[in-house]
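I have placed the structure first, in the form of structure tokens, so that the comments after it can refer back to it.
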Amino acid sequence: MTEIDAAAAILRKRDTDNSRTVTPAQPAPVIEIGNINVDTVGKRVLLDGQVVELTAVEYGLMELLALHRGRVVLRSMIYEHLFDENHDSLSNMVDV
């Protein structure tokens, strides 16, 4: 067995071990950011306890930003979160 084969075998074993023990992280049902609550189950946003009327796209963007709070969110991440794979819009919606 070459060194490359040995390294590949170790990586395969690690990936197999990790796939059995790692469960995907589930977002909190309600993400609290100051006086804003993002209800990921009810798909709504509350500000000071009052429901904020949002479109589906607005809610999706709010949810994405809340889920990635404190981290950089790339344009590609926004498109992936807001639109399905059949959406072929090349609009500047995300840029605006």
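Which of the residues that make up region 57-69 are modelled with pLDDT of 90 or more and either in a helix (DSSP H, G or I) or among the hydroxyl-bearing types (S, T, Y) (or both)? Residues satisfying the conditions are E58, Y59, G60, L61, M62, E63, L64, L65, A66, L67.
Restricting attention to region 33-56, the residues that are in a strand (DSSP E or B), loosely packed, with under 14 Cβ neighbours inside 10 Å and touching a strand residue (DSSP E or B) at 6+ places or on another chain (Cβ under 8 Å) total 2. Among the residues of region 70-84, is any at positive phi, at pLDDT 85 or above and either surrounded by 13 or more Cβ atoms within 10 Å (Cβ to Cβ) or in a loop (DSSP other than H, G, I, E, B) (or both)? Yes: one or more hits.
Taking region 49-81, which residues are among the hydrophobic types (A, V, I, L, M, F, W, C) and under 18 Å from N37 (Cα atoms)? Within region 49-81, V51, V52, L54, A56, V57, L61, M62, L64, L65, A66, L67 meet the criteria.
Answer yes if at least one residue in region 27-41 is at pLDDT below 90 and either closer than 23 Å to S76 by Cβ or in contact with a Gly (Cβ under 8 Å, 6 or more places away or on another chain) (or both), and no otherwise. Yes: region 27-41 contains one or more residues that are at pLDDT below 90 and either closer than 23 Å to S76 by Cβ or in contact with a Gly (Cβ under 8 Å, 6 or more places away or on another chain) (or both).
The values are calculated or read from the model by the stated rules, or taken from the named source; none is laboratory data. Worth saying up front: this structure is predicted, and the values here are computed from it rather than measured. For neighbour counting, all protein chains shown are included, and Cβ atoms are generated from backbone atoms with ideal geometry for every residue, glycine included.
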